[in-house]
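Let me begin by presenting the structure, written as C-alpha cells, before commenting on it.
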C-alpha cells in the first residue's frame with residue numbers, strides 16, 4: 001500500500017545538499033504538511049507515494065531554498081539612493097539622515113517588496129535587522145517568508161523606533177510576546193555595531209537576548225577603520241573587545257568579519273559563533289575581502305548574505321554565490337579557492353547555521369519544506385555537465401520557477417501567490433517620490 005502525502009514535485013535534478021551532497025537525476029520530492037516526507041528518483045517516489053497533487057517541473061533543478069544570512073530588507077526603498085561612496089560617508093551623510101524620515105508604513109511596504117524580490121530569485125529565508133522591525137515582522141508573515149529578525153539597536157536616543165532605551169526594551173519585549181511560537185518567524189537581539197553602542201549597552205543587549213531566549217547578532221569588523229577606531233577607544237581589536245564583554249556565544253551571528261586576523265578567528269571558533277559573508281556589499285563599499293577559507297578551515301559556520309539593497313543593490317542570492325566564489329579566487333590569486341560547491345553550501349547549509357534553524361538548507365526526509373526550482377531551458381543554463389556549476393557560475397536567479405516555504409507555494413511560473421505584485425510596484429514608486437521630496 002502506498003503512503004500518502006500532500007504534493008509530489010518532480011524535476012530533471014534534485015540537488016539535495018545532504019551530508020554527501022547527493023544529486024538525483026530525474027528526481028522527486030514528496031511533501032507532507034511543512035516537511036519533506038521523501039526524496040529520491042521520481043519512479044521510486046511514484047511507486048511508494050500517493051499525492052493529492054503532482055507538480056511536474058520537467059527541465060528544472062529542485063534545490064534547497066537559498067537563505068539570505070544578512071540583510072536590511074526595508075532598504076529596498078533606498079535602492080540607488082546613494083552609491084559609490086565609502087561605508088562611513090555613505091552611512092553618515094546619506095543613509096542615516098534619510099532613514100530618520102521613514103515611517104512604519106513605508107518600512108512595511110518596502111519589506112514586502114523585498115520579500116517579492118527574494119522569493120522571485122530563489123530565497124526562502126533571511127536574517128534581518130532594521131528600525132520599526134514590527135513592520136518587517138508583519139511583512140514577512142504576510143508574504144509567507146521565513147525569517148530571523150530584530151530591532152537594530154544603538155545607544156543614540158531618541159531613535160527612529162524609540163525615544164529611550166527603556167522604551168526600546170519595552171518595544172522588544174512586546175515583539176517577543178506577539179510573535180512567540182510563530183512557525184516561520186524568530187526574534188533576535190541585534191545591536192547595530194560597536195561604533196554605535198557602548199560596552200555597557202552591549203552587555204545589556206546580551207542580557208536581553210538571554211532573558212528572551214532570542215539569538216544575538218551584530219555587524220563586526222566590517223572595515224579597517226572600525227578596527228582602528230576600536231583600538232583607539234578600547235585598546236582592543238573588535239573581536240577581542242566583544243570577547244572581553246562576554247557577548248560572544250554559540251547563538252551569536254556576526255555579519256561581515258572582513259578585517260580579521262588569525263587570533264580573531266580563533267576566538268570566534270572557540271566561542272562557537274557563526275559568520276555571514278556579504279561579498280557584493282563588501283566590494284561595493286570597498287570594505288575588503290573576508291578571509292573565508294581561513295574561517296572554514298577553523299570549522300566556523302559561514303553563511304552568505306546580500307546585506308541591504310541600498311549597498312548591494314540586489315537581494316539576489318544566486319548572484320551572491322557567484323560573487324562569493326570569484327572574490328575569493330581573486331583575493332587569494334588561487335583559482336581553486338572557494339569552489340562552486342562551497343558557495344552553494346554557504347548559501348544553504350551555512351546560512352541555515354547562521355540563522356540557528358535546524359531543518360533548513362537541505363532536501364532530505366524530515367527537513368522543512370523550503371525549496372526552489374531553477375529552470376534549465378535558458379541558453380545560459382545549458383548544457384549541464386555539472387548542475388552545481390550551472391547554479392553558481394551560470395544562473396542569474398531569474399531562472400527560478402518555483403518558491404516553496406513551509407510547504408506552501410509562494411511563487412510559481414511568474415505568479416506571486418502571497419501578494420498583489422502590481423499593487424506593490426505602485427506603492428514602491430510612490431515611496432520613491434516621497435523620498436525624493438524629503439531629500440530635496
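Which of the residues belonging to segment 421-439 are farther than 26 Å from residue 370 by Cα and buried (at least 16 other Cβ atoms within 10 Å of the Cβ)?
Those that are farther than 26 Å from residue 370 by Cα and buried (at least 16 other Cβ atoms within 10 Å of the Cβ): 427, 428, 431, 435.
What about residue 258, is it modelled with pLDDT of 95 or more and either over 29 Å from residue 117 (Cα atoms) or surrounded by fewer than 24 Cβ atoms within 10 Å (Cβ to Cβ) (or both)?
The answer is yes for residue 258.
So which pairs qualify, if the first residue must be in segment 411-435 and in contact (Cβ under 8 Å) with a residue 60 or more places away in the chain and assigned by TED's automatic domain parsing to the domain that holds residue 401, the second must be in a loop (DSSP other than H, G, I, E, B) and exposed (fewer than 15 other Cβ atoms within 10 Å of the Cβ), the Cβ gap must be under 7 Å, and the two must be at least 6 apart or on different chains?
Hits for this filter: 411/417.
Tell me the strands (runs of 3 or more DSSP E) entirely within segment 301-420 that contain at least 3 residues that are out of contact with any helix residue (DSSP H, G or I) (no Cβ under 6 Å at 6 or more places or on another chain) and crowded, with 22+ Cβ neighbours inside 10 Å.
Because the criterion is at least 3 residues that are out of contact with any helix residue (DSSP H, G or I) (no Cβ under 6 Å at 6 or more places or on another chain) and crowded, with 22+ Cβ neighbours inside 10 Å, the strands (runs of 3 or more DSSP E) in segment 301-420 that meet it are 371-375, 400-405.
Name the pairs: first residue in segment 296-318 and on the phi > 0 side of the Ramachandran plot, second residue assigned to a loop (DSSP other than H, G, I, E, B), Cβ to Cβ under 6 Å, at least 6 apart or on different chains?
307/278
Please return the ranges of strands (runs of 3 or more DSSP E) entirely within segment 1-97 where 3 or more residues are touching a residue at least 40 places away in the same chain (Cβ under 8 Å), within 22 Å of the chain's Cα centre (by Cα) and within 22 Å of residue 398 (Cα to Cα). Break it down stepwise before answering.
Details: elements: 3-15, 23-32, 35-41, 49-56, 60-64, 66-71.
Fully inside segment 1-97 and qualifying: 60-64, 66-71.
In segment 122-180, what residues are part of a loop (DSSP other than H, G, I, E, B) and free of Cβ contacts under 8 Å to residues at least 24 places away in the same chain? I'd like the intermediate steps shown before the answer.
Pass one, segment 122-180, residues part of a loop (DSSP other than H, G, I, E, B): 122, 131-132, 144-145, 154-164, 179-180.
Scanning segment 122-180 gives 157, 158, 162, 163, 164, 180.
Determine whether residue 395 is in contact with a strand residue (DSSP E or B) (Cβ under 8 Å, 6 or more places away or on another chain), at pLDDT 95 or above and over 23 Å from residue 38 (Cα atoms).
yes
Please determine whether any residue of segment 251-273 is in a strand (DSSP E or B) and closer than 16 Å to residue 332 by Cβ.
no
The values are calculated or read from the model by the stated rules, or taken from the named source; none is laboratory data. For clarity, every value in this text was computed on a predicted model and none was experimentally measured. With ideal geometry, Cβ positions are generated from the backbone for all residues, glycine too; neighbour counts draw on all protein chains shown.
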